[in-house]
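> Once you've had a glance at the structure underneath, I'll fire off some questions.
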Amino acid sequence: MPVAGIAMSDSTDKFPQPLGGNDMPRFAGPGTMMRLPAVETAEGMDVVFIGIPLDVGTSNRPGTRFGPKQIRAESVMLRPYNMWTRAAPFDSLRVGDLGDVPINTFDLKDAVARITDFYDKVLEHDVIPLTLGGDHTLSLPVLRAIAGKHGPVGLIHVDAHADINEHMFGESIAHGTPFRRAVEEGLIDPHRTWQIGLRGTGYTAEDFDWSRDQGFTVVQAEELWHQSAAPLIERIRAAMGDGPVYLTFDIDSLDPGFAPGTGTPEIGGLTPIQAIEIIRGCRGLNLVGADLVEVSPPYDPQGNTALLAANLIYEMLCVLPGVAYRDGAGS
């Protein structure tokens, strides 16, 4: 894998490239992420996009099963080069779309097992998975595979909700429980876990305190109102050190004015600019995987939520280890 920061402007013939809008109209061509080549295996890849069309674990509005397909559809507007950070991911990494995990639509526990099995096979290769969701239940089985390879990871969790419920309707696995289970199973390092954007009402006054009691750092949305998120992510970078880090980004962390297409919207959320600041600030971390979850296209017929999600996933790609940066980066 190439060293980050080394420009590779003459290497595009060695790496798969997105299909450009001047070669094929954006409303045509393959239905893959950024119209990249579809791959049948992670062998030989540095990064793979994977869809998990899951909404069996949702507790309010369903529809996230359509998230991966809609994110891919909206990704046709993305171009290879980041014009501010000067990241050139496709000059330096072999990136492909591995398609979707064949989940069990009727059995959440079986779906969770299938996801872990799928990612275990992916991670037999030296590859970083970027996941298109799908409801937030999926982070648990993905983290099981990630931790199986890398050990407990630091976690950057951007979300309106803490997702640390003990149970939901008596069930231990659902989209509101993954990070309690992740702590119990030793998948994440609680003292390198940051939850950003939490807000709204609670069932008890102590709803976010379980996180703090485990050692998480909780940054509620109000702490970021009317200010840049860049200083925060600098603090997080310092706390994460050189260890493996996983980034999980729930689209409902954003205010529903920007991202209405989600199942459990909460007012007073982050802005797209703050989201980009957080993701771009992850540059230099030892990211071993990331996901973008809870996009529910039926609740945003214009597609803006999925468009935003596609752009944020591209930003995640741009900060992965091994990405080349051209001279003159804006940050």
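> Asp209 to Asp120: extension gain in nm, 0.36 nm per residue of separation minus the Cα-Cα distance? Write down the numbers at each step before the final one.
On the way: separation 89, 0.36 × 89 = 32.04 nm, distance 3.27 nm.
Net length gain for the segment: 28.8 nm.
> Another one. Using the charge dipole of the range 236-331 (Lys, Arg: +1 at Cβ; Asp, Glu: -1 at Cβ; taken about the Cα centre), state which of Leu270, Gly243, Asn304 has its Cα farthest towards the positive end.
Working it through, the farthest residue towards the positive pole turns out to be Gly243.
> Over the chain, what relative contact order in percent results from Cα pairs under 8 Å that are six or more residues apart?
Values: 754 pairs, mean separation 79.7, N = 331.
Contact order relative to length: 24 percent.
> Could you let me know the centre-to-centre spacing of the range 256-309 and the range 18-44, using Cα atoms, in angstrom?
Between the Cα centres of the range 256-309 and the range 18-44 lies a distance of 22 Å.
> Using the per-residue mean of other Cβ atoms lying within 10 Å as a proxy for protection, in what order, highest first, do the peptides 135-142, 156-163, 201-208 fall? Write down the numbers at each step before the final one.
Working: 135-142: 29.4, 156-163: 25.8, 201-208: 10.6.
Ranked from most to least packed, the peptides come out as 135-142, 156-163, 201-208.
> So how do 171-182, 288-299, 265-276, 234-245 stack up, highest first, on mean other-Cβ count within 10 Å? Provide the component values of the computation, followed by the final result.
Values: 171-182: 22.7, 288-299: 25.5, 265-276: 18.8, 234-245: 15.4.
Descending mean neighbour count gives 288-299, 171-182, 265-276, 234-245.
> OK, next. Would you mind checking which residues have amide H under 5 Å from Asn286's amide H? H placed 1.01 Å from N; only 5 or more apart, or other chain.
The list, which skips near neighbours in sequence, is Val245.
> Taking H placed 1.01 Å from N in the peptide plane, check which residues at least 5 places from Ile128 or on another chain put their amide H under 5 Å from its amide H.
The answer is Val47, Val48.
> With θ taken as phi - 60° and the coefficients 6.51, -1.76 and 1.60, list the Karplus ³J(HN,Hα) couplings across the range 233-250 in order, rounded to whole Hz; mark glycine and proline as x.
5, 5, 4, 5, 4, 5, 6, 6, x, 9, x, x, 10, 10, 10, 10, 10, 8
> Then there's this: Given points 7 Å out from each Cα along the Cα-Cβ axis, report the His226 to Glu166 separation in nanometres with one decimal.
A separation of 3.9 nm, rounded to one decimal place.
> Apply the Karplus curve 6.51 cos²θ - 1.76 cosθ + 1.60, θ = phi - 60°, to the phi angles in the range 152-169 and return the couplings in whole Hz, x for Gly and Pro.
x, 10, x, 10, 10, 10, 9, 6, 7, 10, 6, 6, 10, 4, 5, 8, 10, 6
> Report the paramagnetic label zone for Glu184: residues of the range 113-152 whose backbone N is under 14 Å from a point 7 Å from Cα along the Cα-to-Cβ axis.
Within reach of a label on Glu184: 140-141.
> As a check on your grasp of the helix formula, calculate [θ] at 222 nm for the chain: sum -39500 (n - 2.57) over DSSP H runs of n ≥ 4, divide by the residue count, round to the nearest 500.
Numbers: 9 runs with 87 residues, N = 331.
Value at 222 nm, helices only, nearest 500: -7500 deg cm²/dmol.
> Additional query: From the residues Ile71, Thr58, Ala259, which one has its Cα farthest along the dipole of the chain in the positive direction, the dipole being from +1 and -1 charges on Cβ of Lys/Arg and Asp/Glu about the Cα centre?
Most positive-ward Cα: Ile71.
> For Lys109, list the lysines whose Cα falls under 21 Å from its own Cα; do not include residues on the same chain fewer than 8 positions away.
Counting by Cα, and skipping residues close in sequence, Lys109 has these lysines nearby: Lys121.
> Can you work out ³J(HN,Hα) from phi for every residue in the range 82-89, in order, using Karplus 6.51 cos²θ - 1.76 cosθ + 1.60 and θ = phi - 60°, giving whole Hz and x for Gly and Pro?
Coupling constants for the range 82-89: 7, 7, 9, 6, 6, 5, 10, x Hz.
> How many percent of DSSP beta bridges within the range 139-279 run antiparallel, rounded to 5? Numbers along the way, then the final one.
Values: 1 of 16 bridges.
Just about 5 percent of them are antiparallel.
> Restricting to the chain, what percent of DSSP beta bridges are antiparallel, rounded to 5? Numbers along the way, then the final one.
On the way: 3 of 39 bridges.
Antiparallel: roughly 10 percent of the beta bridges in the chain.
> Treat every Asp and Glu Cβ in the range 158-315 as -1 and every Lys and Arg Cβ as +1, leave all other atoms uncharged, and give the resulting dipole magnitude about the Cα centre to the nearest 20 debye.
Dipole of the range 158-315, to the nearest 20 debye: 480 debye.
> Magnitude of the Cβ-charge dipole of the range 59-192, K/R +1 and D/E -1, about the Cα centre, nearest 20 debye? Write down the numbers at each step before the final one.
Numbers: 15 positive and 18 negative charges, 81 e Å.
That gives the range 59-192 a dipole magnitude of about 380 debye.
The numbers here are math on the coordinates, done by the rules we state, and not lab data. As the structure is a computational prediction, the values presented were derived from the model and not from experiment. Note that each Cβ is placed from the backbone with ideal geometry, even for glycine, and that neighbours are counted across all protein chains shown.
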